[in-house]
Amino acid sequence: MRKGKAQMKRYIRYFAAAAAAVLIFVGLGIVLEPNYDGNKALKGFYRQERNTADVIFYGSSHVYAGINVIDLWDDYGIAAYDLAGTMQTLWNSYYNMRETLKYQSPKVMVVDLYGALVEEEYYTVTNVIKNADSMRFSFNKLQNIWSSVPHDDFASYILAYPLRHDRYKSLEREDYVTGADDIGGRWYKGFHPVFGVTEYDSLPTVPENAAPGRIFWKNREYLNRMVELAKENQIELIFTVVPYAAWQAEDEEVYTWVEAFAAEHGIAFVNGNRKAGEFALDPRTDYAEGSHLNYSGASKFTEYLGRMLRDDYGIEDRRQDARYVSWQNYSDCWAAYLQDCALARITDAGEYLDALKEGGDYVLLISVDDKFRKNPYIDALRGLSSECDPFGFESNGTYVLEAGQLLYQTPNEPEYLWCEETDSLDVAVVRNYGGQMQVLVNNVQQNNNANDVTIVVYDRINDRVADTAAFNSDGVILR
């Protein structure tokens, strides 16, 4: 009897140890997942409320940079998601489409065709990382990996060793936080725009009737699978080409082949390169570089798609439906981020303080150094709050303000003073024993005691430091 009990206890210990090992392995897998754009898009997709995405876009970085799902929401009330990843192949897109149907019931699936230019059966290790690794474990994920890697390497990719083995070297705080993927956090919808501008003399000259070329056999196979999948699930399918400046004539041969294929199957085809003039794409302002539209260009192309989705496909306006509030939250995050960007471009102290007065969901940590009393901008600084009076400090000090209300004011003694911890940041105000006041973000000092005034602007909506700006009596913003 005793032997049986001892054996049972041993089995329980073995089981507990095995269970702990599995939990640790799973936890490390989550932390060590790569944080490329495609991984972010998949992880964000799994956080969406079920059956709320009416339109889903699939494809490469052309999609996540060139199709602005925020504009679709703001202008048309369309609940859309960019399930895209860098250089996503057509087979990756197909398995993403299948994954979609486990969680969402989209009315329309839109597939960008840049991946149709790939003519390799297995397209680079990083492509697997960005377009398969973050997919939840299932037969669909296994098929995605099987289609993407040489079959001799299949087992190692299931274990994700080539994808994660050295990720520990680059871990950051955000890797341990669920939902801290990009602007929008847990509301993330896959949009990742580019803000740079490369000027071109003209738009690509795309012929109306290019001769169709050949298409790689694997792409042809997966286009057929997409058509069958959409038909089986009674989902409208659209093929598109998001515009890009580095268009080549041989690209158009592939797109022309797909256009004929789409016509044969009754599928809409939107060639953005050919139609660029219709939505007033400007080669001087709307390209980030040869491969991508920038934020301005994406807004123009998205407006064209939005009208089409509303008028030709009857996609509903969801802005009054409480189930779709996450799209409004995402829009609010981006509005705050764009305000942050505008603030960070200001170079004059007076203009900067005026911009802060206009509002924003900000916490302001305003520190002044010993020489601040001679700074002519101190009176304007007072205008941020009726409770803000720097002249109350004996020497240096810090105010913490939110919406014009005083959250904290440093005393004169050297002591630990004020701290707020968020998912991504520790923001603190301390005075060291040498008497110097310090503003710290994740233990890194933000204020330079050589500057009369330093303002750290914390964006509460996006849980990020929007800007750190300092100025002396000349009124020039230093960053």
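The values are calculated or read from the model by the stated rules, or taken from the named source; none is laboratory data. Because the structure is predicted, anything quoted here is derived from the model rather than measured. So basically every Cβ, Gly included, is an ideal-geometry build from the backbone, and we count neighbours across all protein chains shown.
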**Request:** With the checklist (1) at pLDDT 95 or above; (2) part of a helix (DSSP H, G or I) in hand, flag the one item L23 doesn't pass.
**Result:** (1)
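Residues are listed down the side, and each one gets a yes or a no for (1) under 13 Å from the mean Cα position of the chain (by Cα); (2) under 27 Å from Q339 (Cα atoms); (3) modelled with pLDDT under 55:
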residue	(1), (2), (3)
L171	no, no, yes
K189	yes, yes, no
P207	no, no, no
A210	no, no, no
I215	no, no, no
Y222	no, no, no
**Asked** Among the residues of the stretch 284-299, which ones are assigned to a loop (DSSP other than H, G, I, E, B) and within 18 Å of the chain's Cα centre (by Cα)?
**Response** A288, H292, N294
**Request:** Please find, within the stretch 426-459, the residue that is modelled with the lowest pLDDT out of those that are outside any strand (DSSP E or B) and crowded, with 16+ Cβ neighbours inside 10 Å.
**Result:** Q436
**Item:** Answer residue from the stretch 93-140, given it is surrounded by 15 or more Cβ atoms within 10 Å (Cβ to Cβ) and aromatic (F, W, Y) and is nearest to H62 (Cα to Cα) among those
**Value:** Y114
**Request:** Exactly one condition in (1) assigned to a helix (DSSP H, G or I); (2) without any contact (Cβ under 8 Å) to a residue 60 or more places away in the chain; (3) more than 24 Å from M109 (Cα to Cα); (4) not basic (K, R) is not met by A245; state its number.
**Result:** (1)
**Prompt:** If a residue has to be touching a residue at least 40 places away in the same chain (Cβ under 8 Å) and farther than 17 Å from L113 by Cα to count, how many in the stretch 258-285 make the cut?
**Reply:** 5
**Request:** Select from the stretch 75-119 the residues that are small (G, A, S) and part of a helix (DSSP H, G or I) and write down the one among them that is nearest to W327 (Cα to Cα).
**Result:** S93
**Message:** I'm trying to understand the selection: among the residues of the stretch 373-396, which are over 19 Å from M437 (Cα atoms), small (G, A, S), assigned to a loop (DSSP other than H, G, I, E, B) and touching a residue at least 24 places away in the same chain (Cβ under 8 Å)?
**Reply:** G383
**Asked** Within the bounds of the stretch 462-478, is there any residue that is touching a helix residue (DSSP H, G or I) at 6+ places or on another chain (Cβ under 7 Å), outside any strand (DSSP E or B), of a type in the set (D, E, K, R) and within 30 Å of G184 (Cβ to Cβ)?
**Response** yes
